[in-house]
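Data first, discussion second: the structure below is written as structure tokens.
The values are calculated or read from the model by the stated rules, or taken from the named source; none is laboratory data. Keep in mind that what you see is a predicted model, and the values were worked out from it rather than measured. Cβ placement follows ideal geometry from the backbone for every residue including glycine, while neighbour counts extend to all protein chains displayed. The protein model used for the area step is the full one, side chains on, heavy atoms only, and it has no ligands, DNA or RNA in it. Shrake-Rupley method; radii C 1.70, N 1.55, O 1.52, S 1.80 Å.
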Amino acid sequence: MFKSVRFTLLGSLALFALSAIAPAQFQDNQSQIPSGNPANNSRSENVDFGDVDLDGDYDAVFADGGDVDQDQNRIWMNQGYDQGGTVGWFTDETTSRFPSVQDQSRDIEFADIDNDGDLDLYISNTAAIIPQSNRWWINSGTGTGFYTDETASRWIGLGSSGSSIANSQVLPSGGFLDFSCDCDFGDLDNDGDLDLVHSSYGGVFGGEVPTRLFLNDGLGFFEEFNPSGFQMPGQTVVNGQPGLWCEGTQSSNTSNSNGTFCDIASSALDIDLGDIDGDFDLDILHGARQELPRMFENRFEENGGVLGFRDTTNAAFPNNWSTGDGHYEQEMGDLDGDGDLDIYGLNWLAGFGFNDSTMRGNGDGTFSNITTLSNSNADDNEGDFFDYDQDGDLDLFVANFSGQDKLYRNTNNGGSSFSLSFVNGGVPGSSSFIALDADACDVDQDGDTDLFVANDSGSRNIFLKNTTQTPDTHAPYIPNVEQAPDRDVGPEPTVVRAHVYDNAPYYITWYNETWVEVRVNGGAPTVIPAMSSQGQIFRVEIPGTLGGTITYQWFSSDEYGNTGSSAISSFNASGGNSGTISSYCFGDINTLTGCPCFNESTNSGSGCENSTGLGALLSASGDANVVSDTLVFQGTNLPQGPGLYFQGNNAVNSGNGNQFGDGLRCAGGGVRRLQVIFANAANGFTTQTTVTVSSAGNVSAGQTKRYQLWYRDPSTGAPCNSGFNLTNGVEVTWAP
């Protein structure tokens with residue numbers, strides 16, 4: 001029997017108290033998950049967490065079957081919220097929610113492939129018993145958590161012109177014959193949707209079937225990215241044939257890194273995506289069971305926005321980065337908190353007895369400092385990063401194929417390096433289980449991270465419940481933000497990306513609420529939600545219609561409300577029209593009866609005097625454009641109390657007369673109330689409001705409108721005793 005690997009696993013936790021690390025308090029909890037056949041008695045190859053019904057808790061899905069059995073994949077629903085039960089208790093709902101399909105599944109991945117806001121599923125299968133393909137299962141409705149099999153329709157152009165797949169490998173039921181253990185998603189071409197990296201280990205782990213890339217059309221349909229145009233005559237690729245999606249020609253185990261040769265075919269059981277060189281596109285760390293693991297650099301930025309990859313393995317890794325075979329899995333994560341990706345290689349030093357190792361990322365696409373992990377000389381199968389002791393850095397859990405699962409503590413603690421130390425007795429378990437995968441998240445929402453472990457050979461899957469209830473108080477961090485170039489105003493958006501890290505599994509960080517606050521010419525912030533590109537990258541589109549000085553700042557918030565932010569970046573957009581803004585109608589006439597008004601030359605052009613001893617001032621900032629709509633009005637020198645911003649069509653008064661209360665009426669005709677405010681000591685007698693004119697539908701491009709702020713002022717003495725006053729006026733001509 002062949003081993004399988006793949007999914008990221010996290011888990012085990014430990015208490016961190018009084019500078020002493022105690023073993024993690026995990027409980028092998030069998031009461032809160034399904035038991036027995038068929039719900040929990042299979043060959044489970046992979047487990048993954050996601051909120052399939054969008055009710056606020058994590059559900060679990062399992063890839064079952066593996067090398068030996070045709071089996072049904074399973075879904076366990078978290079019973080909190082929509083289910084009306086208790087968060088952290090699970091019920092098997094496979095029969096009602098999943099298509100009835102028997103297959104040999106090795107991996108199951110969540111991805112919103114059609115950008116409709118819910119999680120779809122991709123299942124990696126092997127054709128070891130019967131010819132079969134990987135499958136697309138689509139979340140039907142809007143996040144209902146009920147899935148339909150759309151394998152036959154989601155592939156585009158298999159076996160046709162431009163496809164590398166031979167017609168003999170295309171299956172009538174949809175998809176193509178393959179031996180897939182892990183497939184990952186990421187926005188490879190920076191167009192705002194998730195593309196597919198489809199790896200293969202080949203028949204009987206032959207390592208001669210190529211990994212392939214498929215691009216999303218934006219609606220969840222996938223066509224092969226094959227710039228070579230070469231169609232293979234059969235199932236395998238041979239030396240001298242084009243590298244399909246990679247620069248150069250195929251050459252097994254090549255040491256070339258300049259694009260002349262590449263090796264896209266190996267016995268890959270795991271692949272990972274992440275930006276290793278700081279250019280904000282996704283590179284591919286490509287595993288290999290028998291051969292040496294490889295690195296492929298995404299050349300999208302270097303190619304001026306044209307997607308392409310180069311095999312940079314020998315340039316990226318130091319000498320002797322891996323030995324022997326049995327390299328079942330690897331992970332990338334920021335272990336030292338320096339803002340770039342480091343690598344954990346499971347059994348990467350297999351030539352010396354199945355030793356695991358780590359390498360430090362240098363941030364430029366290269367790695368150094370190979371370190372062997374203590375107590376790692378075992379037949380391990382999968383590892384995952386997470387923060388088990390809640391000290392803010394990433395620790396490691398390792399699922400063992402033929403022995404005890406293991407826990408490693410990262411001793412980085414905010415330093416400039418990292419070291420993973422074995423924690424004796426860190427997790428409960430039994431050497432009788434054959435662990436193939438695990439996934440980690442806070443399934444019961446008590447503040448700590450729990451684990452599900454997927455086991456082979458009919459053994460039950462395990463829920464390791466963390467009983468520490470130690471809360472996560474560490475915010476995500478955003479060390480690297482893409483600098484947007486200066487540009488002309490136009491219809492195309494400005495795309496910016498950022499690296500978002502957290503002390504959590506990468507597949508949990510993907511679910512962080514992440515956004516960008518954009519300001520135009522110092523105006524009010526506009527919030528734009530960001531999308532995960534997978535890896536450590538998030539992406540946002542800033543409207544290209546904005547003109548002026550554009551500033552943008554990233555924010556990311558985890559499930560506990562811990563929020564991190566980036567530095568503020570900016571660019572200039574020229575050629576746009578920001579409209580015109582001018583002030584008028586100051587309290588500059590002293591001859592009015594009743595209340596005195598200040599002279600403009602001595603009062604900086606405000607309204608008439610109020611009980612603060614000053615005249616209230618109305619000012620405007622931002623972009624007076626009906627598309628960008630970022631104009632902000634601000635009133636200052638206000639007494640405590642309510643006020644009202646209003647808009648008029650006409651300039652009622654631009655000089656003498658038209659006294660109104662204790663001030664001057666400046667805006668009238670078609671008056672429209674905009675927003676009620678309340679000035680108080682907490683805001684320094686200053687208040688502001690964003691006038692959302694476009695959404696209100698009361699302003700069109702080219703129109704000139706007048707604005708003023710009316711406010712209560714009951715404490716003014718005689719002769720100013722009307723009880724209210726006004727600011728000066730602001731005149732705005734709105735631009736398209």
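Quick notes
- Test for Ser611: is it assigned to a loop (DSSP other than H, G, I, E, B), at pLDDT below 85 and crowded, with 22+ Cβ neighbours inside 10 Å: no
- Of the residues Ala127, Ala111, the single one that is small (Gly, Ala, Ser), open to solvent by less than 30 Å² (accessible area, probe 1.4 Å), on the phi < 0 side of the Ramachandran plot and at pLDDT 95 or above is Ala111.
- Checking Thr549 against (1) without any contact (Cβ under 8 Å) to a residue 60 or more places away in the chain; (2) closer than 30 Å to Asp283 by Cβ, the condition it does not meet: (2)
- A Cβ distance below 7 Å, combined with a sequence gap of six or more or placement on separate chains, defines the contacts here; from the stretch 237-261, residues that are farther than 14 Å from Asn314 by Cβ reach residues that are among the aromatic types (Phe, Trp, Tyr) and in a loop (DSSP other than H, G, I, E, B) in the pairs Gln241/Phe230; Pro242/Phe230; Leu244/Phe230; Trp245/Phe225.
- Test: Gly544 is at pLDDT below 80, more than 20 Å from Ser722 (Cα to Cα) and out of contact with any helix residue (DSSP H, G or I) (no Cβ under 7 Å at 6 or more places or on another chain): no
- Screening Val427 against (1) touching a residue at least 60 places away in the same chain (Cβ under 8 Å); (2) closer than 25 Å to Leu282 by Cα leaves a single unmet condition, (2).
- Qualifying residues in the stretch 513-523 (those that are touching a residue at least 40 places away in the same chain (Cβ under 8 Å) and surrounded by fewer than 22 Cβ atoms within 10 Å (Cβ to Cβ)) - the one farthest from Ser619 (Cα to Cα): Glu513
- Among the candidates Ala350, Ala378, residue that is under 24 Å from Asp184 (Cβ atoms), out of contact with any helix residue (DSSP H, G or I) (no Cβ under 7 Å at 6 or more places or on another chain), surrounded by fewer than 24 Cβ atoms within 10 Å (Cβ to Cβ) and at pLDDT below 90: Ala350
- Note on the stretch 32-57: among residues that are open to solvent by less than 20 Å² (accessible area, probe 1.4 Å) and in a strand (DSSP E or B), the one that is nearest to Thr91 (Cα to Cα) is Asn40.
- Residue within the stretch 231-242 that is in a loop (DSSP other than H, G, I, E, B) and within 30 Å of Arg539 (Cβ to Cβ) present: no
- Residue ID - farthest from Cys246 (Cα to Cα), chosen from residues in the stretch 201-226 that are in a loop (DSSP other than H, G, I, E, B) and at pLDDT below 95: Gly206
- Qualifying residue in the stretch 411-429 (condition: farther than 29 Å from Asp277 by Cα and β-branched (Val, Ile, Thr)): yes
- Residue in the stretch 135-153 that is of a type in the set (Lys, Arg) and open to solvent by 30 Å² or more (accessible area, probe 1.4 Å) present: yes
- Breaking point among (1) over 27 Å from Ile434 (Cβ atoms); (2) touching a Cys at 6+ places or on another chain (Cβ under 7 Å); (3) not basic (Lys, Arg), for Asp51: (2)
- Condition check for Pro479: outside any loop (DSSP other than H, G, I, E, B), open to solvent by 10 Å² or more (accessible area, probe 1.4 Å), in contact with a strand residue (DSSP E or B) (Cβ under 7 Å, 6 or more places away or on another chain) and within 28 Å of Asn115 (Cβ to Cβ): yes
- Options Gly361, Gly365, Gly392; residue that is more than 21 Å from Asn320 (Cα to Cα), among the small types (Gly, Ala, Ser) and touching a residue at least 24 places away in the same chain (Cβ under 8 Å): Gly392
- Residue count, the stretch 157-200 (criterion: assigned to a loop (DSSP other than H, G, I, E, B) and either over 21 Å from Leu436 (Cα atoms) or not acidic (Asp, Glu) (or both)): 28
- Thr95 being in contact (Cβ under 8 Å) with a residue 12 or more places away in the chain, of a type in the set (Ser, Thr, Tyr) and either closer than 18 Å to Cys441 by Cβ or open to solvent by 20 Å² or more (accessible area, probe 1.4 Å) (or both): no
- Of the residues examined, Phe296 is one that is aromatic (Phe, Trp, Tyr), farther than 24 Å from Asp380 by Cα and either over 21 Å from the mean Cα position of the chain (by Cα) or buried (at least 20 other Cβ atoms within 10 Å of the Cβ) (or both).
- Count of the stretch 300-319 residues, restricted to those that are open to solvent by less than 40 Å² (accessible area, probe 1.4 Å) and closer than 15 Å to Leu213 by Cβ, is 5.
- Residue match in the stretch 7-30 (condition: among the acidic types (Asp, Glu), at pLDDT 95 or above and either part of a loop (DSSP other than H, G, I, E, B) or open to solvent by 10 Å² or more (accessible area, probe 1.4 Å) (or both)): no
- Filtered residues of the stretch 702-726 (kept if modelled with pLDDT of 80 or more and in a loop (DSSP other than H, G, I, E, B)): Gly702, Gln703, Asp713, Pro714, Ser722, Gly723
- Restricting the first member to the stretch 439-465 and to residues that are open to solvent by less than 10 Å² (accessible area, probe 1.4 Å), and the second to residues that are in a strand (DSSP E or B) and β-branched (Val, Ile, Thr), the beta-carbon pairs closer than 6 Å and six or more apart or on different chains are Asp439/Val47; Phe452/Val47; Val453/Ile462; Ala454/Val47.
- Exclusive hit being touching an Asp or Glu at 6+ places or on another chain (Cβ under 7 Å), hydroxyl-bearing (Ser, Thr, Tyr) and surrounded by fewer than 19 Cβ atoms within 10 Å (Cβ to Cβ), set Ser252, Ser228, Ser266: Ser252
- Residue within the stretch 409-422 that is assigned to a strand (DSSP E or B), over 15 Å from Gly345 (Cα atoms) and open to solvent by less than 40 Å² (accessible area, probe 1.4 Å) present: yes
- Residue match in the stretch 58-65 (condition: acidic (Asp, Glu), out of contact with any Cys (no Cβ under 6 Å at 6 or more places or on another chain), in a loop (DSSP other than H, G, I, E, B) and surrounded by 19 or more Cβ atoms within 10 Å (Cβ to Cβ)): no
- Boolean, Ala498 is under 22 Å from the mean Cα position of the chain (by Cα), in contact (Cβ under 8 Å) with a residue 24 or more places away in the chain and not in a strand (DSSP E or B): no
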